[in-house]
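J.: Pasting a structure below so you can have a look.
Please treat every number below as a calculation from the coordinates, not as lab data. Note that the coordinates shown come from a computational prediction; the quantities given were computed from them, not determined experimentally. Glycine gets a Cβ as well: all are built from the backbone with ideal geometry, and neighbour counts include every protein chain shown.
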Amino acid sequence: MRAKSLIIALSIVTFLLTIPSLSFAQRWHYALLTEPSSYQLRWGEREPPSEDMVSMPPGLDTSRTIPFSPGCYKIGTSGFVLSYKVEDSILRGVIDVVVWDEVTGETFWNQTYNRVPKEGKISLVGLVLPSYITILRFQVSWAGSGTMFTRFSVFVVLDAPKAPMEPAWVNLLRYSCRWGRGTSNLEDAAQAITFGVFFQRPGFAYPSDTNTYWVNTLTNPPSFMLKALLDEWNAGRWTDGNCVNVSCLTMLALCRVGLDFSTRQLTGTVDPFTLNFRTNPICLIGSDPTIDQTYSPWDWTYHQVCVLSNALLPPSNTGLWDPKAAQKEDLNGNGYRNPPAHHPSHLWPEFDYWQKPRMQGASLGLVNSPLQEPTYPQHPNVPGFWSLGTWKCSVSANPWP
Amino acid sequence: MHMVSLVLLSLATFAFMSTIRINLLEGQPMDEEQAMKLMKEFVALEPNEVPGFDTKGGVISRTATKWGVMSLDLLQRLRRTGTGIPGLDPTDIVIKAFLLPNRDIAYQAAVLLTTSQRIYPDGAGMPQGSWTGLPIGEKSWATVAKAEKPGPGLGSSVLVVWDKKIALRVEVHYQPIDPKAKTAIFLPVQDEDLELGELAARLILIKANLVLLGWRDLPKVRLVANRRTFEAKKTKDGLILAPAKALLEGLGEKAERKLGIFSASWKGKKIILPIGSRVMLVGKERYPLSLPILFEGGEAWIDGAGLAKGLGLALRWEKGQLVLAKR
């Protein structure tokens, strides 16, 4: 009996001593999505861009300075190959790959590969990225003498990123893919991202002094201080943002998911004394559009919105996306209370958005008075890019102190 | 400015004057790295230099501007926390200062720093003025939302200043009273915070000017007033910088400083000397100055000729020394 107890005790001690020694020997070298190629990414954390690039391919590589890299692919991408290497005391183990939606938490795909060697390539047959914008989380587990796992993100976008977001910025992708999650075409994505910017909390709050805060106007083109802005949001702080700020950010978010958008400044016949036009009651960004008291008229000299790149000047029926303010009614006079965002099922053509019908005191669209003209007359006192049709800002990763 | 700072300022001034590269400051050629070092070490504000506000220091960078020239930029955030008042924690003062190669470009840059959704008759996006109503730099523009009670869009104010080769923008920011509310409601920016923000602008402006002038190396000159002797400074251009506070006190008046503003009385009139201003105010009269009123060592240094004119006196050389006396 005593000998039996001794054997059991020795076995337990041996077992306990063996586990940590095995565990310490076990580690990842790499677990990378080597095929197909990810879109190139930059972190968006510092300048110059060459010092800010995300190492590719996506996944874990412990030899990198920053071991984990996210990836970015077009919707519906397939043909993924996982290359991996682990250090372990045993020769073969089990690889388990789980992919879930980072926004909803739902498992998207799962596959186990038994008796695989410590180094090799696995074709992730059957893994086809969703047909909509989202963020996926990959978890690759190794079960050998013990178990260990690694995780990394993959952004699913509509198309290759467009200038000035090429390469795309990871820190903005985290926002734009959440705003546009679940959409699979231009119209749906552009509407969702426009709404996403408007309803972001903490996010932009329109300043009553109408000032521009996040665009460095001294450069050509003006440079959006994207990292500085996102750092504030990530720290839970609100930021001021007028139409220039808000439309530029929306444009960048749209370009980031593969949609080629620009911004455009609109004006018409301003009052000769005040140099302003008066808007209909609108609910500016940062306020709750479901409440009547948040709607009021504003006096502006110009207004900046998002349009498709190279969109024709009015009176064409080019669509318009205006994340800066919600309108109580749509262009048919129906209750709306959202920011205008052109969509086949809910039209916001630029010409009518501006004023419908085109007369003093018109209740639909942005402008109440004075009567606006369908063109963009030059204004002698307005500096900069006033006369351009559509334009894009550049982007800066310079930080705030 | 304490002694260590003065020694460092002296060394740095010597360093930049002895190097030859670019011509950003007052016609004095200087190495770009030296200029950036000066911006960071001497122009950027120190913790509590604006009372109650902490800072991690400034970030210096270069910008390739739309005019084809480089600007040296100072970005700095001053932050106040711990007031315990919702809507005031934190309060940020954000400074963006741009040093440009010439006056015209600096003016254009300043106008662009005013960009808003409105245009005023001078082409700027903000109305001319300052938060306190007192002059600063060659020209300034300011916005502040005046409101009786909290509301959306009230939590920020902007002051833009142009002075020679400097374009400067200072912002004061509050956070919403309830950051999780669906509508962001802000306290209106308080006058005291606007004064502190304007103090930041004045300090940045005069510190930049101290560097531009090579302050520590300026020769001293004797200045006599009311049979007392004072120490003035002489710039390379021959301008006399007189110690206004000491002079006024030597003339029997008492000068006081509140944040960025010196004030005194003179023959029944109130004298106001806002530091960083190119104007001195005597009663309702404004007297232009050739240089901004500087602030160094607790003293307001002012263009001597302008001061003499404002006081109704004359400043003239007599036997190798300056005399401030009746005309």
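J.: Helix-derived [θ] at 222 nm for chain A: sum -39500 (n - 2.57) over DSSP H runs of at least 4, divide by residue count, nearest 500?
T.: About -6000 deg cm²/dmol.
J.: Separate question: Enumerate lysine pairs in the range A:168-396 that are 8 or more residues apart or on different chains, then count those whose Cα atoms are under 24 Å apart.
T.: Lysine pairs meeting both conditions in the range A:168-396 amount to 5.
J.: Okay, moving on. B:Lys234's amide H: which non-local residues (gap 5+, or another chain) put their own amide H closer than 5 Å, with H modeled 1.01 Å from N in plane and none for Pro or chain starts?
T.: When sequence neighbours closer than 5 places are left aside, the close amide H contacts are B:Val221, B:Leu241.
J.: Could you list log10 I(q)/I(0) for the protein assembly as shown at q = 0.07 Å⁻¹, which the Debye formula gives when each Cα is one point scatterer?
T.: Results for the protein assembly as shown at q = 0.07 Å⁻¹ read -0.61.
J.: Between the alpha-carbon centers of the range B:179-219 and the range A:189-231, tell me the distance in whole angstrom.
T.: Centre-to-centre (Cα) distance: 24 Å.
J.: With only alpha-carbon atoms counted, please give the Rg and Dmax of the range B:218-326, in Å.
T.: That works out to 12.5, 38 Å for Rg and Dmax.
J.: What number comes out for the charge environment of A:Leu82, summing +1 per Lys or Arg and -1 per Asp or Glu over other residues with Cβ under 10 Å away?
T.: Result for the local shell: 0.
J.: Something else about it: What list do you get for B:His173, A:His342 if you sort them by fewest beta carbons within 10 Å?
T.: In order of increasing Cβ crowding within 10 Å: A:His342, B:His173.
J.: So, one more: In Å and on Cα atoms, what radius of gyration and Dmax does the range A:126-223 show?
T.: Looking at the range A:126-223, its Cα Rg and Dmax stand at 18.3, 64 Å.
J.: Rounded to the nearest 500 deg cm²/dmol, what is the calculated helix-only ellipticity per residue at 222 nm for chain B, with -39500 (n - 2.57) per DSSP H run of length n ≥ 4?
T.: -6500 deg cm²/dmol
J.: Just report the Cα centroid separation between the range A:296-361 and the range A:30-73, whole Å.
T.: For the range A:296-361 versus the range A:30-73, the Cα centre distance is 39 Å.
J.: Across peptide A:342-354, how many C-beta atoms of other chains are within 10 Å of each residue C-beta, on average?
T.: 0
J.: Then there's this: Expressed as a fraction of 2.2 N^0.38 Å, the rule-of-thumb size for a compact globular protein of N residues, what is the C-alpha radius of gyration of the range A:195-257?
T.: Dividing the Cα radius of gyration by 2.2 N^0.38 Å gives 1.06.
J.: In Å, what Kirkwood hydrodynamic radius results for chain A from the alpha-carbon pair distances?
T.: Here the Kirkwood hydrodynamic radius works out to 23.6 Å.
J.: What FRET efficiency do you get for B:Lys319 and B:Asn48 if R0 is 56 Å and r is their Cβ-Cβ distance, rounded to the nearest 0.05?
T.: Efficiency for this residue pair is about 0.80.
J.: Another one. Calculated FRET efficiency, A:Glu35 and A:Ser296, Cβ-Cβ r, R0 51 Å, to nearest 0.05?
T.: E(calc), rounded to 0.05, equals 0.40.
J.: Taking a cut-off of 18 Å between Cα atoms, list the lysines near B:Lys220, but don't count ones fewer than 8 places away on the same chain.
T.: Reachable lysines: B:Lys233, B:Lys234, B:Lys236, B:Lys245, B:Lys319.
J.: Given +1 on the Cβ of Lys and Arg, -1 on the Cβ of Asp and Glu, and no further charges, what dipole in debye does the protein assembly as shown carry about its Cα centre, rounded to the nearest 20?
T.: Magnitude of the dipole: close to 1820 debye.
J.: Cα extents of the range A:168-396 along the three principal axes, largest first, in whole Å?
T.: Taking max minus min along each principal axis of the Cα atoms, the range A:168-396 gives 45, 39, 33 Å.
J.: When the Karplus curve 6.51 cos²θ - 1.76 cosθ + 1.60 is applied with θ = phi - 60°, which whole-Hz ³J(HN,Hα) does each residue of the range B:119-130 get, with x for Gly and Pro?
T.: Computed from phi, the couplings for the range B:119-130 are 10, 9, x, 7, x, 7, x, 9, x, 5, x, 9 Hz.
J.: Which three semi-axes in whole Å describe the equivalent ellipsoid of the range B:59-174, each the square root of 5 times a Cα gyration tensor eigenvalue, listed largest first?
T.: 27, 18, 11
J.: Figure the gain on full extension for B:Glu249 and B:Asp122 (residue separation times 0.36 nm, minus the Cα-Cα span) and round it to one decimal in nm.
T.: That works out to 41.7 nm of additional length.
J.: May I have the extent of the alpha carbons of the range A:26-157 along their three principal axes, as whole Å values ordered from largest to smallest?
T.: 44, 32, 23
J.: By count of other Cβ within 10 Å, fewest leading, how are B:Asp31, A:Asp88, A:Asp292 ordered?
T.: Placing the least packed residue first, the sequence is A:Asp292, B:Asp31, A:Asp88.
J.: Still on this structure: Could you work out the equivalent-ellipsoid semi-axes for the range B:3-213, taking the square root of 5 times each eigenvalue of the Cα gyration tensor, largest first, in whole Å?
T.: 32, 20, 13
J.: Express in % the proportion of alpha carbon pairs of the range A:47-106 at distances exceeding 15 Å.
T.: The answer is 69 percent, as a whole percent.
J.: Let me ask you something else. For the residue pair A:Leu91 and A:Arg46, what label-to-label distance in nm results when each label sits 7 Å from Cα along the Cα-to-beta-carbon direction?
T.: Reported label-point gap for A:Leu91 and A:Arg46 is 4.6 nm.
J.: Also, I was wondering about something else. Restricting the count to DSSP beta bridges whose residues both fall in the protein assembly as shown, what percent are antiparallel, rounded to a multiple of 5?
T.: DSSP beta bridges in the protein assembly as shown are roughly 90 percent antiparallel.
J.: Write down the percent of antiparallel bridges among all DSSP beta bridges whose residues are both part of chain B, to the nearest 5.
T.: Within chain B, antiparallel bridges account for around 95 percent of the total.
J.: Here is a follow-up. How big is the Cα convex hull of the range B:75-115 in projection, averaged over all directions, in nm²?
T.: It is 3.7 nm².
J.: Considering just Cα atoms, how many Å³ per residue does the convex hull of the range B:125-264 enclose?
T.: With only Cα atoms used, the range B:125-264 gives 133 Å³ per residue.
J.: When Lys and Arg each count +1 and Asp and Glu each count -1, what net charge do the other residues less than 11 Å away from A:Asn317, Cβ to Cβ, add up to?
T.: Around A:Asn317, the surrounding residues sum to -2.
J.: Based on other C-beta atoms within 10 Å, arrange A:Glu45, B:Glu138, A:Glu119 from fewest to most.
T.: Taking fewest neighbouring Cβ atoms as first place, the list is A:Glu119, A:Glu45, B:Glu138.
J.: Could I ask something else about it? From the convex hull of the Cα coordinates of the range A:182-318, what is the mean projected area in square nanometres?
T.: 10.0 nm²
J.: Under the 0.36 nm per residue contour assumption, what length would be gained going from the current alpha-carbon distance of A:Val125 and A:Thr274 to full extension?
T.: Between A:Val125 and A:Thr274, full extension yields an extra 47.1 nm.
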